[in-house]
Amino acid sequence: MGVVPTTDRRHDAVLYRERLYAFLMRSGLERQTVTVVPLTGDASDRRYYRLLRRETPSVVLALHPEPFDHEALPFVRVAALFRRMGLPVPEILGHEDDLGLLVLQDLGDVTLQAHLGEVPRAQHEGLYRQAIAFLEILQRRGAELASPEHPPFAVTFDVEKLTWELDFFTKHFIEGFRGQTIGPSAREALAAEWRTLTEELASEPRVLCHRDYHSRNLMLGAGDLYIIDFQDARMGPDTYDLASLLRDSYIDLPDEVVERLIAQFVALKREGAPGGLPAGWEADFRRRFDVMALQRNLKALGTFGFQTAARGNPVYMQYIPRTLRYARRTLTAHPRFARLRSVLGELVEELA
């Protein structure tokens with residue numbers, strides 16, 4: 001996929017603005033004093049706007065690329081499921097299906113990532129402990145509420161999906177972003193390593209996963225922590241979300257804090273497990289955590305490479321060095337990854 005031509009981007013922007021204006025007309029807001037402020041979105045094709053009105057709380061307008069059926073929209077269905085679990089998610093205040101528009105509670109602009117940059121390090125751990133507690137609830141209540149009526153329980157991180165993510169790293173980071181040519185022997189070696197890695201991860205205990213649980217998808221709204229960007233929730237390894245949070249490409253957490261947070265998660269799992277956890281479970285979990293973190297970090301590098309080289313969006317380049325450091329640390333910490341490190345080191349010098 002090449003860079004999207006500027007003319008296409010301008011055309012898309014016009015279509016979004018037209019639908020936004022149609023919503024204002026339909027709601028009678030075009031006759032009022034309102035201000036519409038574009039917001040920085042995620043890596044998706046959704047657009048977000050803040051609607052400011054006099055004497056009325058602001059709201060966020062989420063514009064999807066196409067019309068939708070509100071009742072079938074993954075965001076709506078997963079939000080209802082999470083609320084049933086007692087997890088904090090933004091309220092859905094309205095919708096216009098033909099315009100592809102949701103009206104959402106405005107949580108403000110402060111992500112956990114941004115907040116950590118503004119407060120003393122001593123305050124960081126308390127927020128992460130809250131995020132860890134949310135994860136335990138997600139896994140425990142997810143097991144209790146598992147049902148085919150909820151879409152996330154019908155989708156899983158299996159070998160095929162996990163391999164696709166690693167192939168995405170190969171294509172969009174090594175080849176697309178770094179411009180490396182992968183020879184037949186290296187490609188065969190990578191395929192073999194990916195197979196070993198994904199088969200192991202796919203065999204881990206499966207739980208309900210947020211799927212992208214990190215500091216940019218946790219918001220501070222009026223001092224409370226909220227979970228956002230959960231529409232792709234699915235079943236996956238019990239280490240998946242924790243690895244996303246604690247080996248986050250956007251934040252540096254001290255090793256001692258990471259260790260305490262893993263210990264907190266293990267303690268919560270032990271408390272919530274009828275009959276307790278089997279002997280050796282914690283040591284095995286920590287080993288599996290590292291394997292999952294490696295896969296997540298490589299997948300993130302693929303996303304950053306794709307956004308930079310294919311989408312022409314350089315904002316993610318700043319997160320590449322940290323993610324490479326995480327990946328290299330895991331590769332060097334475990335002798336089992338010696339072959340993978342050797343192959344990757346020939347293609348990405350920071351991983352050697």
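A short reminder: the numbers here are calculations on the coordinates, not readings from a lab. All figures in this text were calculated on a predicted structure; none of them were measured in a lab. All Cβ positions, even for glycine, are placed from backbone atoms using ideal geometry, and neighbour counts span all protein chains on display.
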For this session: For region 300-324 and region 108-130, compute the distance between their C-alpha centroids and round to whole Å.
Result: 23
For this session: Mind pulling the angle between the C-alpha long axis of helix 255-272 and the longest principal axis of the chain? Nearest 10 degrees, somewhere in 0 to 90.
Result: 80
Exercise. Top mean-square fluctuation among PHE68, PHE304, PHE289, Gaussian network model of the chain, C-alpha springs under 10 Å?
Worked result: PHE68
Problem set entry | Label of the coordinate-derived value, Rg/Rh (Cα atoms, Kirkwood Rh), listed as (i) 1.08; (ii) 0.95; (iii) 0.98 | (iii)
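Could you rank the peptides 183-190, 207-214, 162-169, 87-94 by their average count of other C-beta atoms within 10 Å per residue, with the highest value first?
On the way: 183-190: 13.4, 207-214: 23.9, 162-169: 19.5, 87-94: 16.6.
Answer by packing, highest mean first, reads 207-214, 162-169, 87-94, 183-190.
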For this session: Using only Cα atoms, find the angle between the long axis of helix 320-333 and the longest principal axis of the chain, and express it within 0 to 90 degrees, rounded to the nearest 10.
Result: 30
Exercise. Each label point is 7 Å from the Cα along the Cα-to-Cβ direction; what then is the distance between the points at ALA154 and ARG339, in nm?
Worked result: 3.9
For this session: Subtracting the Cα-Cα distance from 0.36 nm times the residue separation, let me have the gained length for ALA122 to ARG178 in nm, one decimal.
Result: 16.4 nm
For this session: Compute the label zone of ALA72 within region 217-237: residues whose backbone N is under 20 Å from the point 7 Å along Cα-to-Cβ.
Result: 231-234
For this session: Give the angle, between 0 and 90 degrees and rounded to the nearest 10, that separates the Cα long axis of helix 159-169 from the longest principal axis of the Cα atoms of the chain.
Result: 80
Problem set entry | region 53-150: C-alpha gyration tensor shape, a/c 1.5 cut-off, then a/b vs b/c | oblate
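Using the count of nearby Cβ atoms within 10 Å as a rough guide to exposure, how do THR156, THR323, THR196, THR40 rank from fewest to most?
Numbers: THR156 16, THR323 24, THR196 12, THR40 7.
The most exposed by this proxy come first: THR40, THR196, THR156, THR323.
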Exercise. With a Cα-only, solvent-free Debye model of region 73-115, what are the log10 I(q)/I(0) values at q = 0.16, 0.24, 0.33 Å⁻¹?
Worked result: -0.53, -0.94, -1.11
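Roughly what % of DSSP beta bridges within region 112-351 run antiparallel, to the nearest 5?
Numbers: 8 of 9 bridges.
Counting DSSP beta bridges with both partners in region 112-351, the antiparallel share is about 90 percent.
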Exercise. Which order results if GLU346, GLU160 are arranged by neighbouring Cβ count within 10 Å, fewest first?
Worked result: GLU160, GLU346
For this session: Kindly provide the pair-distance distribution of region 6-105 built from C-alpha pairs, with 10 Å bins from 0 and whole-percent values in order of increasing distance.
Result: 14, 46, 32, 8, 0
